[in-house]
Amino acid sequence: MVGLPSEDMMQEGYEPQWGASGRNDLGLMKSLGGNAVRLYHSLGLGGKGTHRGFLDRAKELQINVMPGFHSNEPAICNKFDCFQAWKTAAATGFEQGFQVEDRWHPAVSTVILMNEPDFWENDPLCTDRGPWCRVKAVISALDGVLAAEKEAKIDAGDVKFAVTWSFAMRTSIDGKVQGPGTFGFQDVIAVVEDPSLVNYTCRTPHDKLKKAFYARWVHGLNTQAPWTFVRDFVTRHYELYDGFGGFSWFIGEYGANGQTKELIVSDLESMEEKAKSDKHFLGSAFFQFQTAYSKGGSELNFGLFSIGQRKIGETGEVCDRKSHCRTWPVYCLGTKLPWFDSQPALGKRAEALATAWGGIAEGTC
């Protein structure tokens, strides 16, 4: 049994995919009109080798990088205290190219500490299914990364921190906010103000942690819901709850599941208008670049590009602590999404994105 490739796409072995001399994924993103790339397992998964090449290429293209910590294994934390795991992961990341002199690499704009940690409540380790599990994980992760920055003598510069919450209906840890996504906005504000809510003692002096939080935080959520609903709901909650600390927010995954080209274009153009007129809204990350064939089912609906038949080359050796080291074939990318052949109106996702963002939708096949 072969298994699946490493999910840390920034490691140097994947350069034949994202590099200019290979499939040029980052160049394709730029051509589409994108100005940022979100990643999920860039820190903490133990990906092999340097990540500097990816960051340098992104900087060359003026694409902001939003690296994410590997955050779907609650067991790597000590009873949902993630301080040490995140501190170690950040320190390793600095050694792998995320640090340039005394700063984060200039391509890094926002570090996503966790993706949908609210689902950690469903893990058997969270025995009472309480919200404290997700919230303790988040504040301890923030604490750990701040400690790693201090040890590496990192000047934070303009680099922000975020968590992207799911759009599930939940209530915030302090009981003040109920609703999809925004519960998490309130979670982090409440626990930073009072870590005792989750029986947590900060290793970073509390006043310094608060200062870093209020200077560097942005809220995030993932959603498959229609943009108009998300826009109106979050805007209303910002009005009801004093702007959630005055922090900006963004959509970490805009799925556009089952939507036509016309609706996707309309949504993305509306988001652009919202970002220009509303000081709190930053924009969205379109989910996702390449179709996730390994997930199957409805997950096929989200890709912009399908994998073609033409082989471009081979990766270098890629691996992490969950996947063994080996090379993988690199195939071309196409804009045709064959699983939508019976519903062709849904298969123009890359074209829709390029239309809205003023780019060009071209594959490599």
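The values are calculated or read from the model by the stated rules, or taken from the named source; none is laboratory data. The structure presented is a predicted model; accordingly, all values stated were derived computationally and were not measured. We place every Cβ from the backbone using ideal geometry, glycine too, and count neighbours over all the protein chains shown. Accessible surface is based on the protein model in full, side chains and every heavy atom, while ligands, DNA and RNA are left aside. Shrake-Rupley method; radii C 1.70, N 1.55, O 1.52, S 1.80 Å.
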- For VAL177, net neighbour charge (Lys/Arg +1, Asp/Glu -1) across residues whose Cβ lies under 15 Å away: -2
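Hey, what's the Kirkwood Rh for the chain if you take every pair of different alpha carbons, in angstrom?
Computed over Cα pairs of the chain, the Kirkwood hydrodynamic radius comes out at 21.1 Å.
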- What is the Cα radius of gyration of region 1-154 over 2.2 N^0.38 Å, N being its residue count? 1.09
- Query: What is the extension gain from LYS336 to GLN84, computed as 0.36 nm multiplied by their sequence separation minus the C-alpha to C-alpha distance, in nm to one decimal?
  - Reply: 86.3 nm
- Task: Could you tell me what percent of the accessible area of the chain is made up of carbon and sulfur, with a 1.4 Å probe and every protein chain present?
- Result: 50
- Per residue Cα convex hull volume in Å³ - calculated over region 1-83: 124
- Item | Dimensions (Å) - region 112-180, Cα atoms, principal axes, largest first | 38, 24, 19
- Task: Work out from phi, with θ = phi - 60° and the Karplus expression 6.51 cos²θ - 1.76 cosθ + 1.60, the ³J(HN,Hα) of each residue of region 331-344, listed in order in whole Hz, and give x for Gly and Pro.
- Result: 10, 5, 10, x, 7, 6, 10, x, 5, 9, 4, 7, 9, x
- Query: What share of the DSSP beta bridges in the chain is antiparallel, in percent to the nearest 5?
  - Reply: 30
- Query: Which ³J(HN,Hα) values, rounded to whole Hz and listed in residue order, are derived for region 57-69 from phi using the Karplus coefficients 6.51, -1.76 and 1.60 in 6.51 cos²θ - 1.76 cosθ + 1.60 with θ = phi - 60°, glycine and proline given as x?
  - Reply: 5, 4, 5, 4, 8, 6, 9, 6, 9, 10, x, x, 6
- The pairs in LYS59/LYS261; LYS274/LYS295; LYS295/LYS348 lying past 24 Å Cα-Cα in this model are LYS59/LYS261; LYS274/LYS295
- In Å, the C-alpha Rg and Dmax of region 71-223 are 14.8, 45
- Message: Show me the chymotrypsin sites (Phe, Trp or Tyr not before Pro) within region 280-312 that DSSP assigns to loop and that have at most 12 other Cβ atoms within 10 Å of their Cβ.
- Response: TYR293
- Task: Give the relative contact order (percent, whole number) for the chain; include only Cα pairs under 8 Å separated by 6+ residues.
- Result: 17
- 5 Å binning of all Cα-Cα separations within region 91-132, expressed as whole percents from 0 upward: 5, 18, 18, 13, 8, 11, 14, 10, 2
- Note on the structure: Given backbone amide H placed at 1.01 Å from N, residues whose amide H is under 5 Å from that of HIS41, ignoring those fewer than 5 places away on the same chain, are MET9, GLY68
- Integer Hz, Karplus 6.51/-1.76/1.60 couplings in order for region 211-222, x for Gly and Pro: 4, 5, 4, 6, 8, 10, 7, 9, 7, x, 8, 10
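Percent of Cα-Cα pairs more than 17 Å apart in region 204-279, please.
On the way: 1517 of 2850 pairs.
Across region 204-279, Cα pairs with separations above 17 Å total 53 percent.
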- Query: In 5 Å bins starting at 0, how do the alpha-carbon pair distances of region 234-365 split up by percent?
  - Reply: 2, 9, 15, 18, 15, 13, 11, 9, 5, 2, 1
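For n ≥ 4 DSSP H runs only, could you compute -39500 (n - 2.57) per run for the chain, divide by its residues and tell me the 222 nm figure to the nearest 500?
Numbers: 10 runs with 116 residues, N = 365.
Mean residue ellipticity at 222 nm (helix-derived): -10000 deg cm²/dmol.
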- Item | Top positive-direction residue, dipole computed over the chain with Cβ charges, set HIS219, GLY255, GLY359 | GLY359
- Message: I want the antiparallel fraction of DSSP beta bridges within region 91-176, as a percent rounded to 5.
- Response: 25
- Message: Give me, ordered by chain and number, the residues 5 or more places off ASP320 or on other chains with an amide H under 5 Å from its own placed amide H.
- Response: none
- Task: Evaluate the Kirkwood expression for the hydrodynamic radius of region 312-358, namely the inverse of the mean inverse distance over all pairs of different C-alpha atoms, and round to one decimal in Å.
- Result: 13.7
- Message: Run the count for region 113-257, please: Lys pairs, Cα-Cα under 19 angstrom, 8 or more apart or on different chains.
- Response: 14
- Note on the structure: Taking placed amide H atoms and a strict 5 Å upper bound, the residues 5 or more places from GLY363 or on another chain that come that close are THR335
